[in-house]
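K.L.:
What follows is a structure written as structure tokens; I'll ask about it next.
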Amino acid sequence: MTIALIDYGAGNLRSVHNALVAAGADGVVVTADPDIVAKADRIVLPGVGAFAACMSGLSAIDGLIEAMERRVRGEGAPFLGICVGMQLLADAGEEHGTHTGLGWIGGTVRAFAPAPGLRIPHMGWNDVVPTAPHPVIAAGEAYYLHGYHFADAADVAATSTHGATFTAAVARDNIVGVQYHPEKSQAYGLATLERFLKWRP
């Protein structure tokens, strides 16, 4: 089984790669090659940094978004977006201006609203509370690091709370995205990746 771990200059690739291997993955390929992505059995899109920079990096690789669209949305390959990789699924992001996302799942990525005593970015361990049963998402505690969140998401799979309730995971058909970092979430994170690797949407 080939798992394409997308390398677009904006992901914690080594940690995610190692976590996938620890979760039992065989055949993880770190790649930006559209031809490899177009044939991959599963696709993982990590992301660290600002929404606009990540989307720009993804768009700068000729044919990559098209290959992802075809393989994931057209052919149904299981997809996992992590942190900003999940946020890029949105219609738009509002970090440093408004920027267009992939538009795979409706919603807009917005900053946490400031509040007395609320630390931004949201950093550390927090709950994952599923909104409905899903083969990949389970209740538990995961590690988060983000100052923006997926607001008004069309397909919320789990929530957490930081000042207010926010989207911890989204899911639609063969697409799942998590705001937290499975690669930093110890046993809970590895279990999430194990479920993704076994998932047959």
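The values are calculated or read from the model by the stated rules, or taken from the named source; none is laboratory data. Owing to the predicted nature of the structure, the values given are computational and were not obtained by experimental measurement. Positions of Cβ are backbone-derived with ideal geometry, glycine not excepted, and every protein chain shown enters the neighbour counts. SASA here: full protein model, heavy atoms, side chains in, ligands and nucleic acids out. Shrake-Rupley method; radii C 1.70, N 1.55, O 1.52, S 1.80 Å.
K.L.:
Under 8 Å between Cβ atoms, which residue pairs at least 6 apart in sequence (or on different chains) link something in segment 70-88 that is closer than 12 Å to Asp173 by Cα with a partner that is in a helix (DSSP H, G or I) and open to solvent by 10 Å² or more (accessible area, probe 1.4 Å)?
P.N.:
Ala77/Arg71
K.L.:
Then there is this: Might you let me know whether segment 25-38 holds any residue that is under 24 Å from Tyr143 (Cβ atoms) and open to solvent by less than 20 Å² (accessible area, probe 1.4 Å)?
P.N.:
yes
K.L.:
Right, something else. Search segment 89-98 for residues being of a type outside the set (Gly, Ala, Ser) and either touching a residue at least 12 places away in the same chain (Cβ under 8 Å) or within 25 Å of Tyr143 (Cα to Cα) (or both), and hand back the single one that is surrounded by the fewest Cβ atoms within 10 Å (Cβ to Cβ).
P.N.:
That would be His96.
K.L.:
Related question: Checking Tyr180 against (1) outside any loop (DSSP other than H, G, I, E, B); (2) in contact with a strand residue (DSSP E or B) (Cβ under 6 Å, 6 or more places away or on another chain), only one condition comes out false. Which one?
P.N.:
(1)
K.L.:
In segment 53-80, which residues are within 15 Å of Asn12 (Cα to Cα), open to solvent by less than 30 Å² (accessible area, probe 1.4 Å) and part of a helix (DSSP H, G or I)?
P.N.:
Selection gives Cys54, Gly57, Leu58.
K.L.:
Have a look at Ala115, Ala187 and point out the one that is on the phi < 0 side of the Ramachandran plot, assigned to a helix (DSSP H, G or I), of a type in the set (A, V, I, L, M, F, W, C) and surrounded by fewer than 16 Cβ atoms within 10 Å (Cβ to Cβ).
P.N.:
One residue alone meets the criteria, Ala187.
K.L.:
Give me the pairs, please: first residue somewhere in segment 20-32 and over 15 Å from Lys198 (Cβ atoms), second residue anywhere and in a loop (DSSP other than H, G, I, E, B) and open to solvent by 30 Å² or more (accessible area, probe 1.4 Å), beta-carbon distance under 7 Å, and either six or more positions apart or on two chains.
P.N.:
Qualifying pairs under 7 Å: Val29/Thr2; Val30/Asp7; Thr31/Asp7; Ala32/Asp7; Ala32/Ile61.
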